[in-house]
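Following: one structure in structure tokens, then a few remarks.
None of the figures in this text is laboratory data; all of them are computed from the coordinates on show. Since we're looking at a predicted model, the values are computed, not measured. When we count neighbours, we look across all protein chains shown, and the Cβ atoms used for this are built from the backbone with ideal geometry, even at glycine.
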């Protein structure tokens, strides 16, 4: 199966029902929004994120200052090891509920900020 990838930085138009809408398309499942595009993203364990779940982000770290992490319907803290890995590459990570992360991502994107988002899909 081909990896889901949209080569651009569109705002997120809608979220819910297990996916996201952007650029006139829909994607079922979680997504990773990076400077190089939007990717389908499924962390190994949504409740225990690790640096390996963010390999694509870490490869583009020089282009990102802020990472918004949509943790699902509720706010959950990021594990200390993940925070340390992101800090090592000078990325500030802000976990929040997915809805808040989508709204914040769209605002920062419109301001042309160096932002990325890891968004766990919600029903």
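If I ask for residues that are part of a helix (DSSP H, G or I) and either under 13 Å from the mean Cα position of the chain (by Cα) or in contact (Cβ under 8 Å) with a residue 40 or more places away in the chain (or both), which ones from segment 62-97 would you list?
Scanning segment 62-97 gives a single hit, 63.
Just to be sure I understand, how many residues within segment 5-21 are part of a loop (DSSP other than H, G, I, E, B) and over 23 Å from residue 97 (Cβ atoms)?
2
When you look at residue 7, is it exposed (fewer than 12 other Cβ atoms within 10 Å of the Cβ) and touching a strand residue (DSSP E or B) at 6+ places or on another chain (Cβ under 6 Å), yes or no?
Yes: the conditions hold for residue 7.
Can you go through 99, 70, 40, 16 and tell me which one is under 12 Å from residue 120 (Cα atoms) and in contact with a strand residue (DSSP E or B) (Cβ under 6 Å, 6 or more places away or on another chain)?
None of the others qualify; the one that does is 70.
Do you know which residues across segment 98-120 are in contact (Cβ under 8 Å) with a residue 12 or more places away in the chain, in a loop (DSSP other than H, G, I, E, B) and closer than 14 Å to residue 34 by Cα?
Those that are in contact (Cβ under 8 Å) with a residue 12 or more places away in the chain, in a loop (DSSP other than H, G, I, E, B) and closer than 14 Å to residue 34 by Cα: 113, 114.
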